[in-house]
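Working notes, structure below.
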Amino acid sequence: MASTHVTKRAKYKTTIKDPGTPGTLRMTFEKILFVPHNPKSAGKLDVEFRYIKGQKHTKEGSNKPPWLNLTNNQNGSFIFEFENYSDLQECRDFVGKVLAKGGEVSEKPTVAYPDEQLSAAEMELRIKLLQEDSELQKLHKQFVLSGVLTETEFWATRKKLLDREVSKKTKQRLGFKSAMISDIKPSTDGRTNKVTFNLTPEVILQIFAEKPAVHRAFLSYVPNKMSERTFWTKYFRAEYLHSTKNSIAAAAEAAEDEELAVFLKQDDILASEAQKKIRRVDPTLDMEADEGDDYTHLPDHGIFREGNKEMTESQNELYKRSLSQDINRHAAVVLEGRAVDVELEDTKAVAEALAQSKQKSSNKGESDGDISRERLDRLSRMTEIEDLQGPNTLPLAPLCIKDPRDYFDSQQANALRTSGDALGGIEQIKCGLSTQEVYGSLRESISSIKAMGLKEPIVKPEVAHQVFDALTNSISNTKYHIGKNPQESVLDRLPRKTKEELLHHWTSILELLKHFWASYPITTTYLYAKVNRLKDAMSNIYPQLEEIKGSVPSELRHQVSLLVRPMHQALDAAIQHYEASMQKRSAQSGERPNGYV
Amino acid sequence: MKFQIEDVTVYFPYDYIYPEQYSYMIELKRALDAKGHCLLEMPTGTGKTIALLSLITSYSLSKPETSIKLIYCTRTVHEMEKTLAELKLLHNYQIKHLGPQARLLAIGLSSRKNLCVNPTVLAAENRDSVDAGCRKLTASWVRAMAAENPNVPTCQFFENYERAASAAVLPPGVYTLQDLRVFGKEKGWCPYFLARHMVQFANVVVYSYQYLLDPKVAGIISKEMQKESVVVFDEAHNIDNVCIEALSVSVRRQTLEGATRNLNRISQEIDRFKATDASRLRAEYNRLVEGLALRGNLPITDNWLSNPALPDDILKEAVPGNIRRAEHFLHVLRRLVQYLRGRLDTENVEKESPVSFVASINSHAGIDQKTLKFCYDRLHSLMLTLEITDTDEFLHIQTICDFATLVGTYGRGFSIIIEPFDERMPHIPDPILQLSCHDASLAIKPVFDRFQSVVITSGTLSPIDLYPRLLNFHPVVSRSFTMSLTRDCICPMVLTRGSDQLPVSTKFDMRSDPGVVRNYGKLLLEMVSVVPDGIVCFFVSYSYMDGIINTWNDSGILKEIMQHKLVFIETQDVVETTLALDNYRKACDCGRGAVFFSVARGKVAEGIDFDRHYGRLVIMFGVPFQYTLSKILLARLEYLRDTFQIKEGDFLTFDALRQAAQCVGRVIRSKADYGMMIFADKRYSRHDKRSKLPSWILSHLRDVNLNLSTDMALHIAKEFLRKMAQPYEKIGGSGRKTLLSEEDLEKMGDGGMDEMLY
């Protein structure tokens, strides 16, 4: 994707309703060029990229065609309709890259303004984040759009998300299911002998990936030679024959119907692929190479008919496919992962996209210089005896926790289990330290850092471990202690709607409190106004919480109120502080409050 | 590190050394000093190979006046690659510390199929076609023809190599097969013939067992090795079987049909030559009259597989008169084929000794013993005279001649068994005539006689006193080492009962019991959900594995297993198995986790390591006994009983348990590694079976783990994995050190050594 330009077929539309002029769209780092196929038609376009401010595009999966909308700085826009989503994606990524480049240059001046001028790329990123995370979007809608927080304030606390490096990480792609496709069981209607197979595009993609011959047959037969329906009927007929393990019957049927034979025969594409792959296999497990040195198993040499050598029937071998082969093939495909990232709607599209991606990967396979080097590296790593030498630093994959709640919940269950084994193992950590002590220890550590520099690692592993343990033990502790069963959380017993509302309130309260406490000490009028806004928003939450309490059935009310109580407490503390500081402020008493209650 | 063993400075490419590696080296050095053979058993995962390589290379470095050559035999090509990779590591280290004087030449040698770089030849499918393809381009007469007619294709790489003549040498270094190919491509020289040539000059040669044990191959490859060489057989626990197989031949109907076709072809060729170039046949006849069975020095490219009998047993006399003429020889072969065909048409199983078989050939087909003995050489000579290049087409007649020569040469230690059908499929007639060797010492005898030191080593050689008897040699050193462990990093268990408390076993009467199959499935299912990364399962045979997988598939157990890990299976197709293994490793590398189903005594069990995350658990389903109804096995057992007084039952148990130990022993690579082993069969809990396991497994097999059910095994597995996940002190606890540094070794001196080693 590091190309310096992108060229795609597209239709240019001046407005959304415009049917569009077909032509070729060419984008370089500098400009966008659109040349219609018909040289006479109007709509030739030549725009420099620096006038482009941002882009919008239709989402995959929506029912709209793949549109890319580029807005320029005069609020005009250029709309392009692509032939498919992968083209759109490519162009979108390209535009994003170019805009990001432009954005980097123009970033400096924007910082100067307090009310920031966002670069297009930055905007893009934010929008993307909001789209990906519905919870964030909800918060954003609730606070920013209602004016409680400004856009800047909202994002200021989420700098980490905006970090380019993090956001650049490729999204994890969904793989294939572990279940075998042969596990698709037909449904019967119970009265007749008719069976019905339910095929989803997902399953079809998997069939194509595991059986290249079926894929090839599909591309060549459908829809010219037979309809898709007959194709799949034949396929399952073949699968049925195969499942009966009657290779003679299979051979007979195959002789009559040559299309059916395609499904029954050994997959020749697989065989040739295997020949190709075997050359790149790790030499330390290449058993195929052994055959070259094996002189006792010349035909008819060595000991025959020993226990482990099995006899195979050579006749009808052509139509015999063993379960082991299927399992191996399936696992290999699952391991390779999904090669195509298309919308799974149309089987034809699926088949074509798969063919394309295969083409690509086979082109890539030509250059196996890297592969052989990697192979050698792996070999030398394998031969070393690890504990006879110094430690090898292996590259670490950063831990990426999508939803911290999931993590803590699962850890919680673990922690409970272990703590159940060794109850009372955790000693009470001394919490009540006097100010002097805290100050003293802080000074001490600062001076020691000054003297010796930061230690590596900064936090001792044991301490870090202890902290994590304590955290996992206490976080979401209540919900387990209340439940009868340690595996079952209280939240899960609540009605879905209530649960979601509670969680949402909790996050929004946290958001507000975060901003609220961060505003102290109030030094500017701006902060003063903000605190007022926040306080109003917070006081609005009280009645909503009451409402939730009222809405749940009475047997759960107690638990809900237990859950709501900490929220109340947090809000109370904030409001109390607010009022106290207001009083002080109005009393104009000497020094300003310092964030302490 | 660098340390002293008596008068030898040993260069060892790591900062630390295991104590057992150190004592292994001491024993090895004693054997080298005594110029005798030795037998050393050291558990897997203690770095045998590197200890061996570094001692022997250091030994020859310290004694520059005697050029000691190391001939290192591995069972498989991939083990060869691994050994060379370790040698490379060692070599780099020695160069770094000793400078240029440490230079050596080490090469791996394999067949044309693995070394050829000519794309047209390589396109062929199997080894024999590649060999034939090469011969078509490089045989002396083809090259002579090409010299006159430029349209005759030759191999550019070989021509370049020939042209370079004595300049074609490999610079010092360690060459894996891949390196040889790359070097050959670069220079435009044929890597195969270059390697064959360099074998004489190399300090270390790594190749397959068969290049030394199988007389057919050894005759051409290993002829010129010096007596001073040190021969190492690594992973030698199966060496007796390799020896036996090297001298066994079997003849089936297809072989005879093929041989008849071959004979027709040869007869056409003879007619053609008579018409066009009769002088050539006459020249051959004259040569044979003069008593030159095989013409002195053949061009290297004309070499064919040599005589299947051992060099000492081949008579140095003239070819008997009745087969000197090509037509006469052809008639003899036809009569022989006819006779064998008649013998195959039998209704009953027949067992015969070679002597009576030869007598019967003599009376029925009129071929005497001496003629039989010369069959192979005569055929070889004839095919050279007829300038036949597509040798892969003539394998059948070659088999017949192999058979004739062996049966004519050996009177004892063999038997001939004719079976009309396979017992397991009595309805399918498939007659087979087998000449099977029972005496493992026959094939290895020339090796012991020729070389001054032969080292036989493996992770499982128990009982260690049996091997000298089987192979008939007298080791000067014979020792079994135990493993000093920093922590209990192996966890063997014997599982006797399933989750329903019913016994599990693959005993003949129980193996098809659905309850046993289900219990095995449940065991695996429980294990895949708690064990991280890779799990390996071994079954007793392919047919049993196929059956059990099909049952698991039908009952949905397989599907549940797949929820946790990907499943890969060894099949009889080598290419597919290799790819499956490659994928299995990938799955373990990426964290997906996988299960590999394999067969004890299969190719995977023989040589693939499942160390580190590639194998955290091995499950051995059943006891891998040989197929005890096999006639050949029975004949061998009878021979063992008569000659060595070894009881049948003892030998069978010994054989099954060494296979089982070999399967499970592949999980450990170093002391930092860890793995569990489950022996899932109630028979393992019996003392007579269990006690045959190697001592390093037995010492970790606690009494409480001897009679487990699935749920108990699961609990132990969880505990073990949790324990292994904790950080630990690598050097070893307070008592004994399990890792020695250079200073430790110096400190030890002579006095304190015994207290640290044992």
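Quick check, is residue A:507 outside any helix (DSSP H, G or I) and assigned by the TED database to the domain that holds residue A:579? Against the criterion (outside any helix (DSSP H, G or I) and assigned by the TED database to the domain that holds residue A:579), residue A:507 does not qualify. Residues of the stretch B:478-489 that are open to solvent by less than 40 Å² (accessible area, probe 1.4 Å) and either modelled with pLDDT of 90 or more or polar (S, T, N, Q) (or both): B:484, B:486. When the residues of the stretch B:73-104 are filtered to those that are more than 14 Å from chain A (Cβ to nearest Cβ) and either under 27 Å from the mean Cα position of the chain (by Cα) or open to solvent by less than 10 Å² (accessible area, probe 1.4 Å) (or both), the one that is nearest to residue A:293 (Cα to Cα) is B:104.
In this structure, residue B:224 does satisfy being within 20 Å of residue B:60 (Cα to Cα) and either touching a Lys or Arg at 6+ places or on another chain (Cβ under 6 Å) or acidic (Asp, Glu) (or both). Each residue in the stretch B:226-260 was checked for being open to solvent by 10 Å² or more (accessible area, probe 1.4 Å) and of a type outside the set (Lys, Arg), and 11 of them qualify. Only a single item in (1) at pLDDT 90 or above; (2) in contact with a strand residue (DSSP E or B) (Cβ under 7 Å, 6 or more places away or on another chain) is not met by residue B:194, and it is number (2). Taken across the stretch B:429-437, residues that are in contact (Cβ under 8 Å) with a residue 12 or more places away in the chain, open to solvent by 10 Å² or more (accessible area, probe 1.4 Å) and not in a helix (DSSP H, G or I) do occur, with at least one present.
Within the stretch B:456-472, which residues are in a loop (DSSP other than H, G, I, E, B), touching a His at 6+ places or on another chain (Cβ under 7 Å) and either surrounded by fewer than 22 Cβ atoms within 10 Å (Cβ to Cβ) or of a type in the set (Val, Ile, Thr) (or both)? Scanning the stretch B:456-472 gives a single hit, B:460. Restricting attention to the stretch B:56-68, the residues being under 16 Å from residue B:206 (Cβ atoms) and touching a helix residue (DSSP H, G or I) at 6+ places or on another chain (Cβ under 8 Å) number 3. Annotation note: of B:492, B:475, the sole residue that is modelled with pLDDT of 90 or more, part of a loop (DSSP other than H, G, I, E, B) and more than 14 Å from chain A (Cβ to nearest Cβ) is B:475.
Considering B:13, B:19, the condition of being over 27 Å from the mean Cα position of the chain (by Cα), open to solvent by 10 Å² or more (accessible area, probe 1.4 Å) and not polar (S, T, N, Q) is satisfied by B:13 alone. Between A:291, A:228, the distinction of being surrounded by fewer than 21 Cβ atoms within 10 Å (Cβ to Cβ) and closer than 30 Å to residue B:243 by Cα belongs to A:291 only.
Taking residues in the stretch A:278-289 that are hydroxyl-bearing (Ser, Thr, Tyr), and partners anywhere that are crowded, with 21+ Cβ neighbours inside 10 Å and assigned to a loop (DSSP other than H, G, I, E, B), the pairs with Cβ atoms closer than 9 Å and at least 6 places apart or on different chains are A:284/B:608. Yes or no: residue B:35 open to solvent by 10 Å² or more (accessible area, probe 1.4 Å), away from every other protein chain (no Cβ under 14 Å) and among the basic types (Lys, Arg)? Taking the combined requirement at face value, the residue satisfies it. Each residue in the stretch B:186-211 was checked for being open to solvent by 10 Å² or more (accessible area, probe 1.4 Å) and within 14 Å of chain A (Cβ to nearest Cβ), and 3 pass. Taking the stated definitions as given, is residue B:606 over 22 Å from residue B:665 (Cα atoms) and within 13 Å of another protein chain (Cβ to nearest Cβ)? When the stated conditions are applied, residue B:606 does not pass them. Got a sec? Which of B:621, B:625 is among the hydrophobic types (A, V, I, L, M, F, W, C), within 11 Å of chain A (Cβ to nearest Cβ) and in contact with a helix residue (DSSP H, G or I) (Cβ under 8 Å, 6 or more places away or on another chain)? Step by step, each of B:621, B:625 is checked, and only B:625 is among the hydrophobic types (A, V, I, L, M, F, W, C), within 11 Å of chain A (Cβ to nearest Cβ) and in contact with a helix residue (DSSP H, G or I) (Cβ under 8 Å, 6 or more places away or on another chain).
If you go through the stretch B:653-670 and keep only what is in contact with a Phe, Trp or Tyr (Cβ under 6 Å, 6 or more places away or on another chain), within 14 Å of another protein chain (Cβ to nearest Cβ) and modelled with pLDDT of 85 or more, you end up with B:656, B:663.
Flag not set for residue B:509, criterion: assigned to a helix (DSSP H, G or I), open to solvent by 10 Å² or more (accessible area, probe 1.4 Å) and out of contact with any Ser or Thr (no Cβ under 8 Å at 6 or more places or on another chain). Here residue B:541 fulfils each of the conditions (1) more than 14 Å from every other protein chain (Cβ to nearest Cβ); (2) in contact (Cβ under 8 Å) with a residue 40 or more places away in the chain apart from (1). For residue B:515, the conditions (1) open to solvent by less than 60 Å² (accessible area, probe 1.4 Å); (2) more than 20 Å from residue B:567 (Cβ to Cβ); (3) assigned to a loop (DSSP other than H, G, I, E, B) are fulfilled apart from (3).
Look at (1) of a type outside the set (Lys, Arg); (2) in a loop (DSSP other than H, G, I, E, B); (3) open to solvent by 20 Å² or more (accessible area, probe 1.4 Å); (4) touching a residue at least 12 places away in the same chain (Cβ under 8 Å) and you find that residue B:160 fails only one, number (2). Checked against the criterion of being open to solvent by 50 Å² or more (accessible area, probe 1.4 Å), under 20 Å from residue A:136 (Cα atoms) and free of Cβ contacts under 8 Å to residues at least 60 places away in the same chain, the candidates A:497, A:514 yield just one match: A:497.
The values are calculated or read from the model by the stated rules, or taken from the named source; none is laboratory data. These numbers were taken from a predicted model, which means no experiment stands behind them. Cβ: placed from backbone, ideal geometry, glycine included. Neighbour counts: every protein chain shown. Areas reflect the complete protein model, heavy atoms only, side chains present, ligands, DNA and RNA absent. Shrake-Rupley method; radii C 1.70, N 1.55, O 1.52, S 1.80 Å.
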